[in-house]
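Structure record follows, encoded as structure tokens.
The values are calculated or read from the model by the stated rules, or taken from the named source; none is laboratory data. Owing to the predicted nature of the structure, the values given are computational and were not obtained by experimental measurement. Here the Cβ is made from the backbone with ideal geometry for all residues, glycine too, and neighbour counts use every protein chain on show.
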Amino acid sequence: MKKLKLFSLVPLSMAGAALAQVASTGAGPVTSSNVTLFGVVDAAVAYGHSDLANNTRLVSGANTASRIGFRGVEDLGNGLGAGFWLEAGVNADDGTGSASNTNNTPTGSGSCTVSNAAPLNPANPVTCTTSAAGSQGLSFNRRSTVSLLSGFGELRVGRDYVSTFRNRDQLDPFTTNGVGANLADALKIAGVTGTRASNMIGYFLPPNLGGFFGEAQYYIGENASNSPNHSDGSGYQGRLGWTNGPWGLAGAYGRTRYATTATLGDITSWNVGGHVTFADLTLTAGWYEDKVNEIVPVKAKGYLVGAMYPFGPHQFKASFSSYDTDEPTNPTARKLALGYVYNMSKRTAAYLTYAHLDNHGSSAVGLNGSVASPGKNSDGFDIGLKHSF
């Protein structure tokens, strides 16, 4: 590598704001070599209130997920470059790391990104086996990739976000973090690959296509061909969008294969969303659908409308989201979230988020660890501090 640079990752200092819709990479011709150390430490006091039990706790990442990472590129000449990205989740409240998943299946080692379908519908939870957070030590669970970059785009290999998650995350004023997070993400039934997938090969379009951006991903469960469920954990995702000035629109689709059982089967997800900015006010909206093709298939749908308004060092955020499944008990959750962020500097911010959630049918979602009865409401707030470096 030609030179080594360690410096603040300034864009992360503003994380927690809606990103609108952007390409997942700025890859293009590489003209320099560097290595970057970056991270976020975010901790908050989180309180939840429901009819059965309240909860007060210290949590990590209520505004921006706490992490530490290393990334870099090397100029290979003629606009060609090689890159890497290693990013580990950190629980700032207790100093532990976050677990990963090895083969995109519910029984894969480490923790799973799973739905909260149990509180959404206690009669038919969609869950997976998890290990205690931090029991595996620090792991690069958030992203672990190596890339080839050029004017023709980026080839990326390793563990990364899936395409359908990016559409949920980039349109959410609360970036799917904390008590204000989009319910279509917080309660998703999309299972282990609802946020990230391991063993992935991805291609990303270059950034010079007149505002068009896109990506295609294929990931592997790595099961032997003679195993009973050899396709489990394998799947594909894709995303295509356009953004120009104040407008943007993107759609994504994904499928992960699993053997059909009473609580699991092929999982398909699709979503679409857009944003528009008037002066400094950004408005976002998204529609989301997930389906688990178990013996009796379960389909879920949700939506989000959001707004973000910066004013000097101040930032105001609001969203309304909903998520429900088509099961006979009609479990439905709807949430209003309001947030305020005060940017003390480019790297440090204090924040306050309040949310009110309405449960309907058999839904029993409690905010911030509180316990709710089916059909009862819940309230919660986060008050915290984050620092980026």
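Residue count for segment 36-68, restricted to those that are of a type in the set (S, T, N, Q), part of a strand (DSSP E or B) and within 25 Å of the chain's Cα centre (by Cα): 4. Selection within segment 297-340: residues that are touching a strand residue (DSSP E or B) at 6+ places or on another chain (Cβ under 9 Å) and of a type in the set (Phe, Trp, Tyr). The member of this set that is nearest to Thr260 (Cα to Cα) is Tyr323. Is at least one residue of segment 370-387 without any contact (Cβ under 8 Å) to a residue 60 or more places away in the chain, over 19 Å from Met308 (Cα atoms), acidic (Asp, Glu) and in contact with a strand residue (DSSP E or B) (Cβ under 8 Å, 6 or more places away or on another chain)? Within segment 370-387 (the criterion being without any contact (Cβ under 8 Å) to a residue 60 or more places away in the chain, over 19 Å from Met308 (Cα atoms), acidic (Asp, Glu) and in contact with a strand residue (DSSP E or B) (Cβ under 8 Å, 6 or more places away or on another chain)), the answer is no, since none of the residues qualifies.
Scanning segment 271-296 for residues that are among the aliphatic types (A, V, I, L, M) and either on the phi > 0 side of the Ramachandran plot or not in a strand (DSSP E or B) (or both) gives Ala279, Ile295, Val296. Here Glu294 clears all of (1) within 25 Å of Leu357 (Cβ to Cβ); (2) at pLDDT 95 or above except the condition numbered (1).
Counting residues in segment 321-330 that are surrounded by fewer than 20 Cβ atoms within 10 Å (Cβ to Cβ) and part of a strand (DSSP E or B) gives zero. Out of everything in segment 169-206 that is part of a helix (DSSP H, G or I) and among the charged types (D, E, K, R), what residue ends up being farthest from Leu120 (Cα to Cα)? Of everything passing the filter in segment 169-206, Asp169 is farthest from Leu120 (Cα to Cα). A single member of Lys317, Lys299 is modelled with pLDDT of 95 or more and under 21 Å from Val40 (Cα atoms), and it is Lys317.
Considering the conditions (1) on the phi < 0 side of the Ramachandran plot; (2) at pLDDT 95 or above, Thr175 is excluded by exactly one of them, (1). Which of the residues belonging to segment 372-389 are within 24 Å of the chain's Cα centre (by Cα) and within 12 Å of Leu52 (Cα to Cα)? Result: Ser378, single match.
Just for segment 213-231: of the residues that are of a type in the set (A, V, I, L, M, F, W, C) and either more than 15 Å from Arg166 (Cβ to Cβ) or part of a loop (DSSP other than H, G, I, E, B) (or both), which one is modelled with the highest pLDDT? Among them, the one singled out is Ile220.
When segment 344-389 is filtered for residues that are part of a loop (DSSP other than H, G, I, E, B) and of a type in the set (D, E, K, R), the ones remaining, listed by number, are Lys346, Arg347, Lys376. Taking the conditions exactly as written (surrounded by fewer than 24 Cβ atoms within 10 Å (Cβ to Cβ), touching a helix residue (DSSP H, G or I) at 6+ places or on another chain (Cβ under 6 Å) and under 16 Å from Arg334 (Cα atoms)), does Thr176 satisfy them or not? Answer is yes for this residue. Annotation: Trp270 fulfils all but one of (1) under 28 Å from Gly108 (Cβ atoms); (2) buried (at least 16 other Cβ atoms within 10 Å of the Cβ); (3) more than 18 Å from the chain's Cα centre (by Cα); the unmet one is (3).
Only one of the listed residues (Ala307, Ala337) is in a strand (DSSP E or B), touching a residue at least 24 places away in the same chain (Cβ under 8 Å) and surrounded by 22 or more Cβ atoms within 10 Å (Cβ to Cβ). That residue is Ala337.
Being surrounded by fewer than 24 Cβ atoms within 10 Å (Cβ to Cβ) and among the hydrophobic types (A, V, I, L, M, F, W, C): is that true of Leu367 here? Here the answer is no, as Leu367 does not meet what is asked.
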